[in-house]
Every structure is written in C-alpha cells, then in structure tokens.
Amino acid sequence: MDKFSAIFKALSDETRWNIIELLLGYDLCVGGIASRLGISSAAVSQHIQILRKAGIVKGEKKGYWTHYTINREVFEQIAEELRLLGKKVYEPKKACIRQSAEEEGRCKDMCKACCMNPDKLKDKPEKCTSEQIKECHGETTDHPCEKQKEEE
C-alpha cells in the first residue's frame, strides 16, 4: 500500500502530470522538459526525483545527459489494483459497525454515525425502540444504544 500511496502522491501534482504526459511521447532530458513546460530545470529536477522515487519514471544516460521515460508497468499495476478494488465487496464481521469501531477506540456516543443503517434510527439513539435497534444492529446484547436507554 505504501508503494501506491507514493505513486498517487506523485501523480497528484499538476506539473508532474504534465511531465508524465510529455514523457509518454518522448524520451527527454531535464532541459528538454523544462523548455517545453516553461519552468526551470531545477524545478523539473525536483519533480523528476519524486517521480523516480515513486517508480513512475526511469532515467537512462545518453552521453552527457540523462533521458527520462515512463515506467509503463507501474501504470498497469495501478490500473489492475484499482480494478480489483472496484470489485471488492466489504462484508463486516459484525452487524454493527459501532461495536467494531468501539473495539478499536474510534467511536464514542456516535451510534448514528457508525450505524450500518442510520436511516432506520431516529435522531438520537435513546429514541430508538428495541425493534429498531435489533433491525439496525442485529441480535445484540449490551449494545450502547440499549445501555443509554436503560440509564435514562
């Protein structure tokens, strides 16, 4: 995942995107990229460094200059990962996302926000009937919504 994070961060900059578009058609050195984009060679070098670290761009020495090309395999890998992600179906282990979130320490008094079916709840958990809680969260005992109702 870290690999893809670096790639997406590198792709998120408009100048780097422009560099990629140029390199899809031509092998260019820093000076060639700079002159075509109208920016300094120093700026191009910094952007190229980020693209190289992400594995998007490869450099090859040609005489005195290094010419850069796109590593097309990276784009193929990203496309495949995104395709698989688009087909992935999340199946929670518990009926209630809140219970999972509580176990991870992320959710406090936020039943409506963490509920899988917030449309079935009223505006506050304490206003929910036992049937609504059961329908929303499944068969649960010791659920925070029930606890809240009992305390009142």
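The values are calculated or read from the model by the stated rules, or taken from the named source; none is laboratory data. Source: prediction; values computed, not measured. No Cβ is skipped: glycine too gets one built from the backbone with ideal geometry, and neighbour counts run over all protein chains shown.
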(message) Return the residues of region 1-60 that are among the basic types (Lys, Arg), more than 22 Å from the chain's Cα centre (by Cα) and under 17 Å from residue 74 (Cα atoms); say none if nothing qualifies.
(response) 58
(request) Check residue 98 against each of (1) outside any helix (DSSP H, G or I); (2) crowded, with 18+ Cβ neighbours inside 10 Å; (3) modelled with pLDDT under 80 and name the one condition it does not meet. (result) (1)
(message) Every residue in region 58-95 that is at pLDDT below 90, of a type in the set (Gly, Ala, Ser) and not in a helix (DSSP H, G or I), please.
(response) 63, 95
(request) Among the numbered conditions (1) surrounded by 14 or more Cβ atoms within 10 Å (Cβ to Cβ); (2) touching a helix residue (DSSP H, G or I) at 6+ places or on another chain (Cβ under 8 Å), tell me where residue 53 comes up short. (result) (1)
(message) Could you tell me how many of the residues in region 1-51 are part of a helix (DSSP H, G or I), among the polar types (S, T, N, Q) and at pLDDT below 95?
(response) 1
